[in-house]
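The values are calculated or read from the model by the stated rules, or taken from the named source; none is laboratory data. Here the structure is a predicted model, which means the values were calculated and not measured. No Cβ is skipped: glycine too gets one built from the backbone with ideal geometry, and neighbour counts run over all protein chains shown.
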Amino acid sequence: MATTTMKRITYISNFSRPLSLDDLDAISEVSIRNNKRDGLTGALFCFRNIFYQILEGDEEAVDRCFARIEKDDRHSKVFILEVESDIERRKYAEWEMKPVILDESSDPLMRPIRHLLATLAHTHRTLEKYTPQRVLREIQGGGAPEDIPSSYQNRCVMFVDLFRSTSIFESWSVEAATMVLHRFYDTALKAIQTHGGVVSKLTGDGIMAYWTQELVSSALGAAREMLWEFKELRDRSPEADNPLRLLHAGVGISTGRVLEGNIGSSVFMDYTVLGDTVNSAARLEGITRKAGKSLIFESGTLEALRRNPGSGWRVRKVGSYRAAGKESPVDIFTLDDPSVAITMDHTELQEAIRALAGKLG
Ligand SMILES: Cc1cc2nc3c(=O)[nH]c(=O)nc-3n(C[C@H](O)[C@H](O)[C@H](O)COP(=O)(O)O)c2cc1C
């Protein structure tokens, strides 16, 4: 008899809309019917707005079924908790799919299970927000993130920084400062994610993100989009006491070789990129104010752009710049685009932040 590889997937997801008991019955019915046909077994728990499912069987059948489940619009935020490959035995051989609607059950034993599931879902949703995307992807594929080998890669690295954040945090009320910070992160992270960037870390008042070198055009797209959005936010908030009118930020981009992988120890690990390209992106962000442009990149990015042209970017040389500790200066560039204009100089911004502090009380 031919031996087939068996696999088990365990995941949680959220209802994408309120689902009635009839809706849940319909899911159970089709699951039982299809799984009987495909030789799959498992269990499906529903509680409040959470699904928790275990699906096991022949590897190809599990993958085919899971591909359908993932696309199902009755739930969203599917998060794989575990993928077990090459399993020898089924754990739930007696059920094609055992549906358990925990909200409905009066069995006292279900109380701790309800509690466990709610805690599990909450913990995972929270951890998702704090975990680097590459690490999440590895966990979702059933791998061990600590085993991802480090390697040299060509990456386009971006630093985004909120201008004058120290003055903001020193002089504004907690509410005003966190509101501006929240809008800053929300806008920049959305632009980075829409353009396929990987967010590596939040630095307190800034963001480090990266793209593969071939996606340099997407990195510039993200920069331009967030700078436009910041401008729109300012334009929509002209009132003297509105903190958003002082939301200005700078973006530095550098492209080249980085060391990508796990750093840290058995106590604390981070999956990140390191090296001169990363330092250079941070330095370029740091000179945006002096250069008078809110986006600055170097020749590595320009060369990558020539190899991967994207959407007809018009590039302008801003000048040259010698970083501390470097022997020769490097040429620096920006986009020929109104979004990169710095409309308030450094001292003016500093004074406006102080003046606003008085208005905030
Ligand atoms: C939480 C959840 C769990 C599901 N579990 C299964 C399952 O175990 N097996 C299955 O065939 N379909 C399952 N479905 C339904 C599939 O997404 C899909 O609608 C169905 O397989 C399509 O079957 P059909 O082509 O026979 O209509 C599930 C859907 C949801 C929302």
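For Val78, indicate whether it is within 25 Å of Ile113 (Cβ to Cβ), surrounded by fewer than 21 Cβ atoms within 10 Å (Cβ to Cβ) and either over 32 Å from the mean Cα position of the chain (by Cα) or not assigned by TED's automatic domain parsing to the domain that holds His124 (or both).
So Val78 does not fit the description; no.
Would you point out which residue out of Ile207, Ile168, Ile139 is outside the structural domain of Gly264 (by TED's automatic domain parsing) and β-branched (Val, Ile, Thr)?
Ile139
Tell me, which strands (runs of 3 or more DSSP E) lie completely within the stretch 36-122 with 3 or more residues that are away from the ligand (no atom under 15 Å from the Cβ)?
Those strands (runs of 3 or more DSSP E) span 75-87.
Consider only pairs whose beta carbons are under 9 Å apart and that are at least six residues apart or on different chains; among these, list those whose first residue lies in the stretch 32-47 and is surrounded by fewer than 17 Cβ atoms within 10 Å (Cβ to Cβ) and whose second residue is hydrophobic (A, V, I, L, M, F, W, C) and assigned to a helix (DSSP H, G or I).
What qualifies is Asn34/Cys65; Asp38/Ala61; Asp38/Val62; Asp38/Cys65; Gly39/Ala61.
Listed here are the residues, each with its yes/no results for (1) modelled with pLDDT of 95 or more; (2) under 17 Å from Trp211 (Cα atoms); (3) charged (D, E, K, R).
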{"residue": "Leu247", "(1), (2), (3)": "yes, no, no"}
{"residue": "Leu259", "(1), (2), (3)": "yes, yes, no"}
{"residue": "Asn262", "(1), (2), (3)": "no, no, no"}
{"residue": "Ser265", "(1), (2), (3)": "no, no, no"}
{"residue": "Ala282", "(1), (2), (3)": "yes, yes, no"}
{"residue": "Glu285", "(1), (2), (3)": "yes, yes, yes"}
{"residue": "Ala291", "(1), (2), (3)": "no, no, no"}
{"residue": "Ser299", "(1), (2), (3)": "yes, yes, no"}
{"residue": "Glu303", "(1), (2), (3)": "yes, yes, yes"}
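Restricting to the stretch 10-31, what's the tally of residues that are more than 10 Å from the ligand (Cβ to nearest atom) and either closer than 21 Å to Ala61 by Cβ or buried (at least 17 other Cβ atoms within 10 Å of the Cβ) (or both)?
Of the residues in that region, 1 qualify.
Need a quick list: strands (runs of 3 or more DSSP E) entirely within the stretch 280-361 having at least 1 residues that are among the polar types (S, T, N, Q).
In the stretch 280-361, 315-321, 330-335 are the strands (runs of 3 or more DSSP E) which contain 1 or more residues that are among the polar types (S, T, N, Q).
Quick one: Leu227 ticks every box in (1) at pLDDT 95 or above; (2) part of a strand (DSSP E or B) except a single one, so which number is it?
In the conditions (1) at pLDDT 95 or above; (2) part of a strand (DSSP E or B), Leu227 misses (2) alone.
Per-residue answers, yes or no, for (1) within 17 Å of Ser339 (Cβ to Cβ); (2) surrounded by fewer than 19 Cβ atoms within 10 Å (Cβ to Cβ):
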{"site": "Pro149", "(1), (2)": "no, yes"}
{"site": "Arg155", "(1), (2)": "no, no"}
{"site": "Arg164", "(1), (2)": "no, no"}
{"site": "Thr187", "(1), (2)": "yes, no"}
{"site": "Thr194", "(1), (2)": "yes, yes"}
{"site": "Ala222", "(1), (2)": "yes, no"}
{"site": "Glu225", "(1), (2)": "yes, yes"}
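Looking at (1) more than 27 Å from Thr343 (Cβ to Cβ); (2) without any contact (Cβ under 8 Å) to a residue 12 or more places away in the chain; (3) small (Gly, Ala, Ser), which is the only condition Gly312 fails?
Every condition holds for Gly312 apart from (1).
So which of Ser266, Ser320, Ser254, Ser280 ends up being of a type in the set (S, T, N, Q) and more than 26 Å from the chain's Cα centre (by Cα)?
Unique residue meeting the criteria: Ser320.
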